[in-house]
1. Looking at (1) touching a residue at least 24 places away in the same chain (Cβ under 8 Å); (2) within 16 Å of ligand 2 (Cβ to nearest atom); (3) part of a loop (DSSP other than H, G, I, E, B), find the lone condition where Pro79 falls short.
2. Residues in region 131-149: is at least one at pLDDT 90 or above, more than 11 Å from ligand 3 (Cβ to nearest atom) and either β-branched (Val, Ile, Thr) or within 14 Å of Ser44 (Cβ to Cβ) (or both)?
3. Filter region 99-133 down to the residues that are within 14 Å of ligand 1 (Cβ to nearest atom) and acidic (Asp, Glu) and list them by number.
4. Among (1) within 16 Å of ligand 2 (Cβ to nearest atom); (2) modelled with pLDDT of 95 or more, which single condition is Met107 missing?
5. In this structure, does Ala86 turn out to be modelled with pLDDT under 95, within 16 Å of the chain's Cα centre (by Cα), aliphatic (A, V, I, L, M) and within 16 Å of ligand 1 (Cβ to nearest atom)?
6. If we keep just the residues of region 28-65 that are in contact (Cβ under 8 Å) with a residue 12 or more places away in the chain and part of a loop (DSSP other than H, G, I, E, B), which is farthest from Lys138 (Cα to Cα)?
7. Residue by residue through region 82-104, note down the ones that are within 16 Å of ligand 2 (Cβ to nearest atom) and in contact (Cβ under 8 Å) with a residue 60 or more places away in the chain.
8. Could you please give the count of residues in region 36-47 that are of a type in the set (D, E, K, R) and either under 20 Å from Arg120 (Cβ atoms) or at pLDDT below 95 (or both)?
Amino acid sequence: MKNIAIFTAILLAGTAVTPAFADDRGGKNNRPSFEELDTNKDGSLSKEEIEARGMGRFAKMDANSDGKLTAEEIVAQAPEGKKDRAERRANRMIKRFDKNEDGAISMDELPRRAGKMFDRIDTNSDGKIDKAEFEAAKAKMGGKRGGHRNADKSE
Ligand SMILES: [Ca+2]
Ligand SMILES: [Ca+2]
Ligand SMILES: [Ca+2]
């Protein structure tokens with residue numbers, strides 16, 4: 001359960017496995033905006049839109065396009081000087097998701113469905129995340145100045 005939530009949080013936060021994944025342009029904050037995620041521009045985010053984003057990131061990291069992410073591919077995204085850290089995270093991530101133990105994460109090993117986390121963000125349960133819900137979730141996850149708010153416990 002926790003893993004799913006974590007991965008979805010990663011997708012939503014757009015920070016991928018490590019904050020070192022700054023986008024190509026070297027921005028420090030590459031969280032996708034609501035507008036970016038809302039690919040069909042209907043003003044809300046569907047599960048499909050959230051998942052598409054995750055798959056796009058996956059594809060981008062999958063340098064040799066074999067449908068799996070190795071630690072090397074993940075680390076390759078990190079800028080020089082941050083590789084150590086990225087490697088630790090990559091290994092942890094692989095340990096967590098690599099079900100068939102081939103040392104790489106394939107798309108189907110990832111909890112692709114936004115699932116529970118999505119439902120939690122979708123506070124009015126209409127199956128879509130609207131902007132207010134998105135912002136609320138971001139605030140909760142970012143939590144920088146929110147301090148120690150003990151959101152809700154994932155069981
Ligand atoms: Ca949409
Ligand atoms: Ca695997
Ligand atoms: Ca909603």
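1. Here Pro79 meets the rest and fails (2).
2. Within region 131-149 (the criterion being at pLDDT 90 or above, more than 11 Å from ligand 3 (Cβ to nearest atom) and either β-branched (Val, Ile, Thr) or within 14 Å of Ser44 (Cβ to Cβ) (or both)), the answer is yes, since at least one residue qualifies.
3. Answer for region 99-133, where residues must be within 14 Å of ligand 1 (Cβ to nearest atom) and acidic (Asp, Glu): Asp122, Asp126, Asp130, Glu133.
4. (2)
5. Spelling it out, it is not the case that Ala86 is modelled with pLDDT under 95, within 16 Å of the chain's Cα centre (by Cα), aliphatic (A, V, I, L, M) and within 16 Å of ligand 1 (Cβ to nearest atom).
6. Ala63
7. First, the residues of region 82-104 that are within 16 Å of ligand 2 (Cβ to nearest atom): 90-104.
Ala90, Met93, Arg96, Phe97 - these are the residues of region 82-104 that are within 16 Å of ligand 2 (Cβ to nearest atom) and in contact (Cβ under 8 Å) with a residue 60 or more places away in the chain.
8. 3
The values are calculated or read from the model by the stated rules, or taken from the named source; none is laboratory data. Computed from a predicted structure; not experimentally measured. Here Cβ is always computed from backbone atoms with ideal geometry, including for glycine, and neighbour counts include all displayed protein chains.
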